[in-house]
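The structure appears right after this line, and notes come after that.
The values are calculated or read from the model by the stated rules, or taken from the named source; none is laboratory data. Because the structure is a prediction, the values reported are computed rather than measured. Cβ coordinates were reconstructed from backbone atoms using ideal geometry, including for glycine residues, and neighbour counts include every protein chain displayed. Ligands, DNA and RNA are stripped out before the accessible areas are found, and what is left, the full protein with its side chains, is counted by its heavy atoms. Shrake-Rupley method; radii C 1.70, N 1.55, O 1.52, S 1.80 Å.
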Amino acid sequence: MTLTGSTMRTRLAKPSQSGSKRRARPGESKAFVLTAAAHKGPECLTWPFSTNVHGYGKLSSHGAAHVAVCAIVDGPKPSGRHQASHTCGRGHEACVSGAHLLWKTISENHKDKIAHNTHRRGERTPTAKITTAKAKKIRRAKGLQREIAEKFGISRAQVSRIKNKVQWAWL
């Protein structure tokens, strides 16, 4: 990825669509990407400009800032199955340190999220209707699935998925 001239102009979404950080002036984001790529320290280097709703630094023409830094540090993206992975586990906090970024497959990156406890599964998903404790109780519960579903306020199909380890399988 080449980071030159007009390809690095930063354009921000409305504040409600992004983080609370300030808008970058022309050339600032490009300069910071290059600084982040050269960063070798163990501490995180936080993106000082606009972030997306998940906390990752934004670049208008190249998507996420950490991806641009990873391309400089670790070379071009090896395949469509690779993602810029944070060894520090703080990508959602806008870390763009070149020392913390490398390409990993989607599966490897997901395993890292579990190891860093930054994954979104179970009650951490915005659509979860039950907690981990309730899922464990449902798994142990005896009786008709319809009755268990009524007791916990979920569907019979959801009870079936929990008991058959289709969902909440890691418990």
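Roughly how many debye, to the nearest 20, is the charge dipole of segment 85-148 about its Cα centre, given +1 on each Lys and Arg Cβ, -1 on each Asp and Glu Cβ, and no other charges?
580
Cα centroids of segment 118-139 and segment 31-72: how far apart, whole angstrom?
The distance from the Cα centre of segment 118-139 to that of segment 31-72 comes to 31 Å.
Tally up the carbon and sulfur contribution to the accessible surface of the chain as a whole percent, 1.4 Å probe, everything protein left in place.
C and S atoms contribute 52 percent here.
Mind checking which lysines have their C-alpha under 19 Å from Lys151, skipping anything on the same chain fewer than 8 residues away?
Filter leaves Lys129, Lys134, Lys136, Lys137, Lys142, Lys163.
Placing +1 on the Cβ of each Lys and Arg and -1 on the Cβ of each Asp and Glu in the chain, which of Leu144, Cys44, Gln158 has its Cα farthest towards the positive end of the resulting dipole?
About the Cα centre, the residue reaching furthest to the positive side is Leu144.
Once the Cα gyration tensor of segment 120-168 is diagonalised, what are the square roots of 5 times its eigenvalues, in whole Å and ordered largest first, as equivalent ellipsoid semi-axes?
In descending order the semi-axes read 17, 10, 9 Å.
What lysines does Lys104 reach when the alpha-carbon gap must be under 16 Å and sequence neighbours fewer than 8 apart in one chain are set aside?
Partners found: Lys77, Lys113.
Just to confirm my understanding: which cysteines in the chain have no other cysteine beta carbon less than 4.7 Å from their beta carbon?
Cys with no partner Cβ under 4.7 Å: Cys70, Cys88.
Over segment 43-129, consider all pairs of different Cα atoms and compute the Kirkwood hydrodynamic radius from their mean reciprocal separation; express it in Å, one decimal.
13.4
Decide, for segment 93-145, between rounded, prolate and oblate: order the square roots of the alpha carbon gyration tensor eigenvalues as a ≥ b ≥ c, take rounded if a/c falls under 1.5, and otherwise choose prolate if a/b is larger than b/c, else oblate.
Since a/c reaches 1.5 and a/b is larger than b/c, the shape of segment 93-145 is classed as prolate.
Among 145-152, 95-102, 112-119, how do they line up by average Cβ neighbours within 10 Å per residue, starting with the highest?
Highest to lowest by the protection proxy: 95-102, 145-152, 112-119.
Over the Cα atoms of the chain, Rg to Rh with Kirkwood Rh, two decimal places?
Rounded to two decimals, Rg over Rh is 1.13.
Find the accessible area per residue for the chain; the probe is 1.4 Å, ligands and nucleic acids are left out, and the unit is Å².
Computed with neighbouring chains in place, this is 59 Å² per residue.
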